[in-house]
Structures are given as structure tokens and as C-alpha cells.
Amino acid sequence: MDTWASKEFKRDAIALVDSSGKTVTAVARELGIGSESLRGWYRRAKADRGEGEPGELTSAEREELKRLRKEAREQQQTIAILKKRPPSS
């Protein structure tokens, strides 16, 4: 994730792609940023608007998936610790 750019900058860059009729590469060049960064922001914004590729996750879905994976890891660690404990009398 590109943490160097503010949400406002990303939003404005995405809006410029949408409104200018220029390619992502052309807009990125004008803004002095990497085209792959802008392409990723643009793709995520489209997914969040429901315009992404079939099966592509929205930002909210990606955050939920990350949270659930972390939760599952923590539960697996807890289970492993409990299995190593001797049985109580």
C-alpha cells in the first residue's frame, strides 16, 4: 500500500483519470508518480464503486479478510498452546 500519498491526493488523481479521458500512464506522468501506483489506486477505487473485475474485493472486504485471518492465526496459536498443556487433575 502506498502510504506516502494522502487520501485526498489519491482521490484527486483517480478523479483526474476519470474526468480527463487520459490514460492512467499519462496522468501519472503529469503528476510525477509511478503509473503502477496510480493504476492500483484506480483499480481499488473501481472495485469500491462496484465496477471492479468479477471476484475483486472492495477495500472493506480486504480489511475484513485481513482481520479474520489475524483472528484465525491468534486462535490457532491459542489452540496449539492449550494442546501442549498437561491435563489438569
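The values are calculated or read from the model by the stated rules, or taken from the named source; none is laboratory data. Values in this document were obtained by computation on a predicted structure and should not be read as measured data. Here the Cβ positions follow ideal geometry from the backbone for every residue, glycine too, while neighbour counts run over all protein chains shown. Accessible surface is based on the protein model in full, side chains and every heavy atom, while ligands, DNA and RNA are left aside. Shrake-Rupley method; radii C 1.70, N 1.55, O 1.52, S 1.80 Å.
How many percent of the accessible area of the chain is carbon or sulfur, using a 1.4 Å probe?
Details: 3710 of 7040 Å².
Within the chain, the accessible surface is 53 percent carbon and sulfur.
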* Quick one: Cα centre-to-centre distance for the range 63-89 and the range 1-42, in angstrom? -> 40 Å
* Structure fact -> Diffing the range 34-49: the Karplus 3J(HN,Hα) column from phi (6.51, -1.76, 1.60, θ = phi - 60°), in whole Hz with x for Gly and Pro, holds x, 5, 5, 4, 5, 4, x, 4, 5, 4, 5, 5, 5, 4, 5, 8
* To do: With mean projected area of the Cα convex hull in nm² in mind, check (1) 5.8; (2) 17.8; (3) 8.7 and report the label derived from this structure.
  => (3)
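Using the Cα centre of the chain as the reference point, and only Cβ charges (+1 on K/R, -1 on D/E), how large is the resulting charge dipole? Debye, rounded to the nearest 20.
580 debye
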* Asked: What residue among 23, 52, 87 has its Cα farthest toward the positive end of the dipole of the chain, where the charges are +1 on Lys, Arg and -1 on Asp, Glu, each on the Cβ?
  -> 87
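For the chain, what does the helix formula give at 222 nm: sum of -39500 (n - 2.57) over DSSP H segments with n ≥ 4, over the residue count, nearest 500 deg cm²/dmol? It would help to have the intermediate numbers written out before the result.
Details: 4 runs with 62 residues, N = 89.
For the chain, the value works out to -23000 deg cm²/dmol.
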* Structure fact -> Once phi for every residue in the range 9-21 is put through the Karplus expression 6.51 cos²θ - 1.76 cosθ + 1.60 (θ = phi - 60°), the whole-Hz ³J(HN,Hα) values, with Gly and Pro written as x, are 4, 4, 4, 5, 5, 5, 4, 5, 4, 5, 8, 8, x
* Asked: Do any trypsin sites (Lys or Arg not before Pro) in the range 27-89 lie in a loop, going by DSSP, with at most 16 other beta-carbon atoms within 10 Å of their beta carbon, and if so which?
  -> 49
* Asked: Reachable aspartates and glutamates from residue 66, Cα under 14 Å, same-chain residues fewer than 8 places away excluded?
  -> 74
